1. Scan segment 92-108 residue by residue and report those that are out of contact with any Cys (no Cβ under 6 Å at 6 or more places or on another chain), away from ligand 2 (no atom under 13 Å from the Cβ) and not polar (S, T, N, Q).
2. Scanning for something out of contact with any strand residue (DSSP E or B) (no Cβ under 7 Å at 6 or more places or on another chain), small (Gly, Ala, Ser) and within 20 Å of Glu78 (Cα to Cα), does segment 31-41 turn up at least one residue?
3. If a residue must be more than 10 Å from the chain's Cα centre (by Cα) and either under 22 Å from Pro134 (Cβ atoms) or of a type in the set (Gly, Ala, Ser) (or both), how many such residues does segment 73-82 contain?
4. I'm trying to understand the selection: among the residues of segment 109-127, which are more than 11 Å from ligand 2 (Cβ to nearest atom), in a loop (DSSP other than H, G, I, E, B) and free of Cβ contacts under 8 Å to residues at least 40 places away in the same chain?
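Values quoted throughout were computed directly from the atomic coordinates according to the rules given, and no laboratory measurement underlies them. What you are looking at is a predicted structure, and each value in this text was computed from that prediction instead of being measured. Cβ: placed from backbone, ideal geometry, glycine included. Neighbour counts: every protein chain shown.
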Amino acid sequence: NNAERTYIMVKPDGVQRGIVGEIIARFEKRGFKLVALKMVHATKEHLEKHYADLAQKPFFPGLIKYMASGPVVAMVWEGLDAVKTGRMMLGATNPLASAPGTIRGDYALAVGRNICHGSDSVESAEHEIKLWFPEGTIQHTLSSAEWVFE
Ligand code: DAT
Ligand code: MG
């Protein structure tokens with residue numbers, strides 16, 4: 001599905017370490033279309049909604065504190081198989097298990113400082129896009145699309 005969308009977020013450590021441009025560049029060059037982008041210093045309440053599925057995990061309080069420690073860069077990327085491909089580009093949750101060539105595999109070491117987020121299913125992508133972009137996304141056509149897709 002060429003129009004599948006995924007929610008990708010550069011976490012506070014990715015912003016602090018100057019990896020925002022690198023992450024954007026990888027999605028851009030791969031052929032995905034950017035349809036929403038903003039910098040947000042999220043509240044703990046907002047992040048608790050984003051990570052609601054993990055509320056019972058022992059690392060949850062630390063995760064929320066880290067995610068609220070500075071601004072994040074929130075994005076929606078659209079393109080063929082965007083959710084699964086986005087997860088592949090991010091790498092495994094624990095950077096020690098992320099393959100070299102993936103974002104986490106190239107720039108991170110610790111599971112609690114893994115610099116980026118990507119939706120894990122089409123359903124969670126739609127949920128996360130609504131949570132982070134209640135104002136909606138941008139409808140536009142890239143002229144490169146006819147060269148990226150057949
Ligand atoms: P992912 O971000 O790959 O979707 P997840 O949804 O299971 O992974 O967890 C969300 C974030 O929580 C993850 O990016 C980093 C943190 N996290 C996960 N497992 C952890 C652990 N065992 N210890 C510390 N932080 C963890
Ligand atoms: Mg997840």
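1. Pro95, Leu96, Ala97, Ala99, Pro100, Gly101, Gly105, Asp106, Tyr107, Ala108
2. Kept after step one, since they are out of contact with any strand residue (DSSP E or B) (no Cβ under 7 Å at 6 or more places or on another chain), are these residues of segment 31-41: 31, 41.
Pick out the ones that are also small (Gly, Ala, Ser) and you get 31.
Now narrow it down to the ones that are within 20 Å of Glu78 (Cα to Cα): 31.
Taking every residue of segment 31-41 in turn, at least one turns out to be out of contact with any strand residue (DSSP E or B) (no Cβ under 7 Å at 6 or more places or on another chain), small (Gly, Ala, Ser) and within 20 Å of Glu78 (Cα to Cα).
3. Number of matching residues: 3.
4. Leu109, Ala110
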